[in-house]
Structure formats: C-alpha cells, structure tokens
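Below you'll find the structure, written out as structure tokens, and then a few comments.
The values are calculated or read from the model by the stated rules, or taken from the named source; none is laboratory data. This structure is a prediction, so every number in the text was calculated from the model and none was measured. Note: ideal-geometry Cβ built from the backbone for every residue, glycine included; neighbour counts use all protein chains shown.
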Amino acid sequence: MVDQLPNLGHEKVMLETLGLESMDDLFSDIPESVRMNDELPLPAPQTEEEIIADARRLLGANVALGDRVSFLGAGLNRNYVPASVFQLVTRGEFLTSYTPYQPEVSQGMLQAMWEFQTLISELVGLEVSNLSVYDASTAAAEALTCSIRIHNKKATQKDTVYISELVPPARVSVIENYSQGGGVVIKTIKHNEDGTLNLESLAEAAGSCGVYVEQPNPLGILDGGLSKVKEIIGQNTAFIVGVSPVSLGLVEAPGNYGADIVVGEGQSLGSPITYGGPLYGIFACSKNYLRQMPGRIVGKSIDVDGNEAFCLTLSTREQHIRRHRATSNICTNETLIALMGAMHMSLLGPEGLKLLAQRNMAACQLAKEKLGKISGISLPHESGYHYNEFAIELPGSASDCLEYLDSRGVIGGLDLSNWYPDKTNWMLVSVSDQTTSNDIEMLCARISIWCESVPKGVEA
C-alpha cells in the first residue's frame with residue numbers, strides 16, 4: 001500500500017528550512033525531565049488505507065438500531081427525524097458557527113436561537129426558555145440548584161430539595177454531583193402502588209426550596225395528580241417538572257398546572273439516538289426565575305435604525321461575570337443539536353406534533369394490551385395511562401428474558417433491576433412512532449415462548 005501522508009520523506013528539507021538538524025532539536029524547549037522516552041504501548045503504525053479498512057471491519061460488527069426490532073428506550077426515543085433536518089443543519093452558518101458574541105455579524109444564528117426558545121416556551125407553557133443545557137439530567141440538577149438560589153431565604157427547610165423516588169439512579173447521581181459541596185439536602189417523595197405520586201408524602205416537601213417530578217414518570221405513567229402539586233407545596237417552593245417534549249402534543253403543558261420550571265430531554269425532537277447522543281437539555285421557567293436560570297438567553301430588540309435585531313440578553317455563566325456570582329458552570333451549550341430540534345418542531349407544526357404524539361401513544365397502548373394478554377405476564381400499573389413506556393412483570397428473571405430475546409433477534413426493554421434492585425423480574429418496554437404492529441406481534445410471540453419455558457413456581 002502507498003502511504004499518502006502529505007510531505008512524507010521531506011522531513012530533512014523541512015528541518016533545514018527551520019534551521020534545525022534533527023527532530024530532537026524541534027522539541028528542545030521541552031525539559032528533559034518531563035519527556036517520555038519509552039515507546040508508547042501502541043500497535044504498529046498503519047497507512048490511511050489500513051486504518052479505513054480496520055474501521056470498516058469494526059463498524060461492520062455493530063448492529064445498527066434500525067436493523068433489529070427494539071423496545072429499548074428508558075429516556076431516549078426512536079422518533080423519526082425528517083431528512084431535511086440533517087440537510088439544513090449541515091449548512092455552514094449553523095455547523096461552523098461560534099458563540100454569537102458579535103450580534104452585528106450573527107443575526108441569522110441569533111434569530112434561529114431565539115426561535116428555538118420561543119418554540120420551547122410555547123410547548124411547555126412558560127414565558128422564558130434558554131438555549132440550552134447538556135441533557136435532561138443536567139437540566140434537572142440546574143433546576144434544583146436554581147430553586148435554592150430563589151427560595152432559600154424564605155424556606156423553612158433550608159438547602160433542601162425533594163425528588164421523586166422513581167428518578168433513575170444515573171439522573172440522581174448527576175443531581176448529587178451538582179449539589180455536593182453546597183450543603184444541599186436531597187430527600188425523596190414516595191409513590192403509590194399504582195405508580196402515581198403519593199400526595200401525602202408530597203406534603204412533607206412544603207417549605208423546601210424545590211420539588212422535582214417527571215411527567216410521564218420514568219415508568220411511562222401519566223400522573224393526573226401533578227395538577228395538585230403546586231397547591232400542596234406552596235408558592236415559596238419551586239415546582240419542577242421533567243417532560244418528554246413530544247408528549248406535549250397531547251398532554252397538558254406543565255406551565256398550565258403551576259410548574260415554575262420545566263426541564264427535559266430534547267433528543268426526541270431533532271436528534272437520533274446514535275448510541276446515547278447527541279443530546280440537549282430543555283430548560284424553561286417563569287419570569288420570576290429568569291435571572292437565576294443557567295445558560296444563554298437570546299432576546300429580540302430594535303437596532304439604531306429601527307430594524308428588528310437579536311442579541312444575547314442574559315448569559316449568567318462564569319465566563320461572563322465574576323465567577324462567584326455565576327449561576328452555572330455550563331459553558332458550552334448544545335446550540336447545534338437544539339437548532340435541530342427547532343427545525344423538527346417547525347416542520348411538524350402544532351398538528352404534526354399532535355399526530356406524532358398520537359402515534360407514540362397508540363403504539364404504547366397496543367403493546368400494553370397485547371403483552372397483558374400473555375400468560376405469565378402481569379402489568380403492575382395496568383389501570384394507569386402510559387406514554388411511550390410501561391412496566392411488565394415477568395414469571396422469571398428479566399435479564400434471562402432479555403438474553404433469550406436477543407438470541408431471537410429482538411432487542412427487549414430495560415431490566416428494571418438496573419434502576420430498582422428489587423424489581424428483578426420487571427422489564428420496561430418502550431415504543432415510539434417507529435414501532436409497528438408487526439414489531440409488537442414479534443415481541444409478543446418471542447416473549448410468550450420464553451414465558452412457557454420458565455418452570456412454574458420459580459422465583460426471579
């Protein structure tokens with residue numbers, strides 16, 4: 001093979017041009033004491049062609065998400081993203097743009113950012129949205145620390161926040177990491193047997209700085225009781241709701257039932273999953289929280305000539321103001337991915353978003369009905385309404401069931417013992433608008449055979 005590296009074999013000429021005799025002379029300014037003299041533990045060098053061939057071999061061993069029937073979600077959704085989104089986002093003014101510190105040369109980018117904020121505000125029913133944070137977990141953590149900054153003076157439970165006991169451990173870990181060192185106390189709110197929020201337990205959160213719950217919750221349950229939360233916790237406690245944005249095509253916007261802050265994972269709008277990302281976090285709030293919210297906010301104004309103009313209005317991060325007064329350490333937002341979300345929302349429009357949510361809901365209902373009829377399977381929260389996801393209880397170990405499904409060409413759901421250790425025979429089944437009736441029939445057929453193979457009376 002011919003190595004096609006540029007200037008290969010011209011090292012001597014380049015050194016002479018620089019007035020140097022050897023490669024060692026090139027790095028002579030690096031002290032001997034800090035140099036690494038041993039060989040790097042790497043395989044032998046490869047040509048460009050060899051590297052590409054190896055990369056293709058490795059990629060060929062992967063199973064692409066669309067190549068197999070999948071019911072794995074647990075926070076990420078396989079919604080179809082129009083091809084036009086990927087085409088538009090490759091335009092240079094989006095793809096290569098930097099932070100628009102100079103509004104006079106960044107009006108197009110600033111307008112796109114402002115439109116994203118406007119779309120999110122309309123979607124969640126709150127006046128203000130930023131652009132954006134890293135993901136749903138950092139959004140939740142930022143919302144809770146924001147609630148402390150706003151309410152701690154009047155709180156009777158100072159430096160204290162409450163979160164749903166169903167919040168997945170990975171998200172809890174992020175919240176704890178954000179809170180550590182600040183003396184923040186994190187307490188949990190109990191849930192009823194049907195998966196809904198225990199309002200009696202919620203009453204304990206009154207007087208704290210903030211309460212974080214999700215709608216739908218991590219088990220896919222749509223909880224009508226959330227409409228009573230603000231009344232119970234009071235005006236001096238922030239009501240924070242984590243959402244699945246597509247669900248808001250059907251589900252009431254949290255701002256309409258008293259939410260002070262709405263956060264969520266934006267991935268389902270505009271972004272494929274691609275092994276866990278890229279993601280972007282939604283963060284919206286009422287005006288009372290505006291000056292304490294993290295991230296960047298684009299505003300619309302009028303320039304000296306009376307023309308409409310856009311600029312960064314608030315950017316309360318440590319790069320821009322005194323570090324000790326910064327509201328967040330989120331320095332690089334997810335502008336490009338968030339703009340993909342804005343493109344997706346614009347293409348859908350209100351009716352398109354409603355239709356997308358209906359397709360997700362219909363697939364979820366169909367899967368729930370079909371799986372619930374299989375002998376050996378029970379639905380722990382059968383009476384509730386679900387969006388995208390629901391839990392099933394198996395006659396044996398969920399991990400064994402998933403291994404069997406995988407061997408039969410089906411990617412099953414999430415083994416819920418990963419979240420809740422005592423739920424060893426619970427599986428979280430996730431669907432999307434890409435889930436077909438044939439996919440559901442295949443899952444039911446495979447899982448039915450597995451259920452029959454489980455010895456009766458065997459505990460998970």
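Name the residues in the stretch 54-77 that are β-branched (Val, Ile, Thr), at pLDDT below 90 and not in a loop (DSSP other than H, G, I, E, B), would you? Reasoning before the result, please.
Let us first name the residues in the stretch 54-77 that are β-branched (Val, Ile, Thr), namely 63, 69.
Cutting the leftovers down to at pLDDT below 90 gives us 63.
Result: no residue meets the conditions.
Annotation for the stretch 43-66: no member residue is closer than 30 Å to residue 6 by Cβ, in the same structural domain as residue 338 (by TED's automatic domain parsing), out of contact with any Lys or Arg (no Cβ under 7 Å at 6 or more places or on another chain) and of a type in the set (Ser, Thr, Tyr). Do we have any residue at all in the stretch 78-99 that's over 21 Å from the mean Cα position of the chain (by Cα), surrounded by 12 or more Cβ atoms within 10 Å (Cβ to Cβ), in the same structural domain as residue 255 (by TED's automatic domain parsing) and assigned to a loop (DSSP other than H, G, I, E, B)? Checked the stretch 78-99: at least one residue is over 21 Å from the mean Cα position of the chain (by Cα), surrounded by 12 or more Cβ atoms within 10 Å (Cβ to Cβ), in the same structural domain as residue 255 (by TED's automatic domain parsing) and assigned to a loop (DSSP other than H, G, I, E, B). Of all the criteria given as (1) loosely packed, with under 14 Cβ neighbours inside 10 Å; (2) within 22 Å of the chain's Cα centre (by Cα); (3) over 18 Å from residue 271 (Cα atoms), the one not satisfied by residue 52 is (2). When residue 429 is tested against (1) farther than 21 Å from residue 166 by Cβ; (2) under 25 Å from the mean Cα position of the chain (by Cα), exactly one condition is not met: (1). So for the stretch 275-284 (the condition being out of contact with any strand residue (DSSP E or B) (no Cβ under 8 Å at 6 or more places or on another chain), aromatic (Phe, Trp, Tyr) and within 22 Å of residue 429 (Cβ to Cβ)), does at least one residue qualify? Scanning the stretch 275-284, I find at least one residue that is out of contact with any strand residue (DSSP E or B) (no Cβ under 8 Å at 6 or more places or on another chain), aromatic (Phe, Trp, Tyr) and within 22 Å of residue 429 (Cβ to Cβ), so the answer is yes. Within the stretch 401-413, the set of residues being touching a residue at least 24 places away in the same chain (Cβ under 8 Å) and either more than 26 Å from the chain's Cα centre (by Cα) or farther than 15 Å from residue 65 by Cα (or both) comprises 401, 402, 404, 405, 408, 409. Residues that are out of contact with any Gly (no Cβ under 7 Å at 6 or more places or on another chain) and assigned to a loop (DSSP other than H, G, I, E, B) were ranked within the stretch 158-167; the one that is surrounded by the most Cβ atoms within 10 Å (Cβ to Cβ) is 167. All conditions in (1) buried (at least 21 other Cβ atoms within 10 Å of the Cβ); (2) part of a helix (DSSP H, G or I); (3) without any contact (Cβ under 8 Å) to a residue 40 or more places away in the chain hold for residue 343, with the sole exception of (3).
Scanning the stretch 168-202 for residues that are touching a Leu at 6+ places or on another chain (Cβ under 8 Å), assigned to a helix (DSSP H, G or I) and without any contact (Cβ under 8 Å) to a residue 40 or more places away in the chain gives 175, 179. Scanning the stretch 386-398 for residues that are at negative phi, in a helix (DSSP H, G or I) and surrounded by 19 or more Cβ atoms within 10 Å (Cβ to Cβ) turns up at least one hit. The set of residues in the stretch 137-157 being part of a helix (DSSP H, G or I) and among the hydroxyl-bearing types (Ser, Thr, Tyr) consists of 137, 138, 145, 147.
Among the residues of the stretch 173-181, none qualifies, meaning not one is within 24 Å of the chain's Cα centre (by Cα) and either on the phi > 0 side of the Ramachandran plot or of a type in the set (Lys, Arg) (or both).
Every condition in (1) touching a Gly at 6+ places or on another chain (Cβ under 9 Å); (2) of a type outside the set (D, E, K, R); (3) modelled with pLDDT of 95 or more is met by residue 399 except one, and the failing one is (1).
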